[in-house]
Amino acid sequence: MSILTLAPDLALIVGPAWLWLDGATVVERDARMDGPLAAAEASVRVRPPEEISAVRTMYKRVGLDPTRRRPSSEALLRRVMKGESLPRINSLVDVCNWCSLESQLPYGLYDANRIHGDVVLRLGRPGESYPGIRKDEVNVGGRIALADSEGPFGNPTSDSARTMVTTATTRALVVVFAPREIDSRRLERVVEMTAQRMADYTGAREEGRHVG
């Protein structure tokens with residue numbers, strides 16, 4: 001298990017949480033999630049979660065316009081509020097999207113076997129980028145970014161193809177890109193919910209946890 005640290009330049013902006021998971025069995029679609037996901041979507045449409053303005057503020061504090069580069073959690077909410085369903089990718093990704101929708105906090109999910117060396121959450125350097133998942137090159141210069149010994153591989157808007165989770169994934173890193181202002185007790189509940197759903201739907205065991 002790699003070490004994950006927060007760079008000093010983000011210490012007053014981001015209060016992340018993360019889970020290291022092992023022993024996951026990932027399937028393309030777990031039918032057991034059909035009902036709970038539909039119920040979560042219906043609940044959100046009836047009682048939309050309060051806007052987490054702190055997430056937008058987190059983006060603004062590093063010079064990004066959150067209406068142009070939306071946090072992944074807000075993008076999921078907008079999709080559901082338009083009447084669409086959450087995307088179904090695979091069981092690990094589907095759990096993350098479910099938790100992100102309900103918590104309105106952006107998540108990152110990565111295949112731990114594709115991470116090399118220790119990980120740091122830092123501001124991207126000028127010119128840094130990576131090939132995105134089903135997207136063109138993702139520029140992370142000046143953005144909140146996760147990086148390992150090979151360079152950046154994730155941010156709160158979109159992640160990299162290099163570390164993407166597939167049905168071959170057995171070990172994973174889940175990162176909640178929480179603003180520093182989020183209450184630590186609330187964040188702990190979000191992480192506990194995520195760990196429990198991961199165990200229930202993928203069989204993943206928790207190897208390590210950090211909150212705030």
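Please indicate, with yes or no, whether at least one residue in segment 77-93 is under 30 Å from E150 (Cβ atoms), of a type in the set (G, A, S), modelled with pLDDT of 95 or more and surrounded by 12 or more Cβ atoms within 10 Å (Cβ to Cβ). Yes, there is a match, as at least one residue in segment 77-93 is under 30 Å from E150 (Cβ atoms), of a type in the set (G, A, S), modelled with pLDDT of 95 or more and surrounded by 12 or more Cβ atoms within 10 Å (Cβ to Cβ). The set of residues in segment 149-208 being among the hydroxyl-bearing types (S, T, Y) and assigned to a helix (DSSP H, G or I) consists of S184, T194, Y201, T202. Of everything in segment 173-193 that is hydrophobic (A, V, I, L, M, F, W, C) and out of contact with any strand residue (DSSP E or B) (no Cβ under 7 Å at 6 or more places or on another chain), the residue that is modelled with the highest pLDDT is M193.
Name the pairs: first residue in segment 25-41 and part of a helix (DSSP H, G or I), second residue modelled with pLDDT of 95 or more and loosely packed, with under 12 Cβ neighbours inside 10 Å, Cβ to Cβ under 7 Å, at least 6 apart or on different chains? Every condition considered, the pairs that remain are E41/S85. So, in segment 117-148, of the ones that are small (G, A, S) and part of a strand (DSSP E or B), which residue ends up farthest from L10 (Cα to Cα)? Filtering segment 117-148 for residues that are small (G, A, S) and part of a strand (DSSP E or B), the one farthest from L10 (Cα to Cα) comes out as G132. The residues of segment 31-45 that are within 20 Å of the chain's Cα centre (by Cα) and either under 16 Å from M198 (Cα atoms) or among the aliphatic types (A, V, I, L, M) (or both), listed by number, are M33, P36, L37, A40, V44.
Of the residues making up segment 130-149, just one is touching a His at 6+ places or on another chain (Cβ under 9 Å) and surrounded by 14 or more Cβ atoms within 10 Å (Cβ to Cβ), namely D148.
Filtered by the rule that a residue be in contact with a Lys or Arg (Cβ under 7 Å, 6 or more places away or on another chain) and buried (at least 18 other Cβ atoms within 10 Å of the Cβ), segment 1-12 gives a lone residue, L10. The residues listed here are P179, P156, P152; of these, the one that is touching a Pro at 6+ places or on another chain (Cβ under 8 Å) and either closer than 22 Å to E74 by Cβ or in contact (Cβ under 8 Å) with a residue 12 or more places away in the chain (or both) is P156. G127 passes every criterion in (1) over 18 Å from the mean Cα position of the chain (by Cα); (2) surrounded by 13 or more Cβ atoms within 10 Å (Cβ to Cβ) apart from (2).
The values are calculated or read from the model by the stated rules, or taken from the named source; none is laboratory data. In this text the structure is predicted, and so the values were computed from the model without any measurement. No Cβ is skipped: glycine too gets one built from the backbone with ideal geometry, and neighbour counts run over all protein chains shown.
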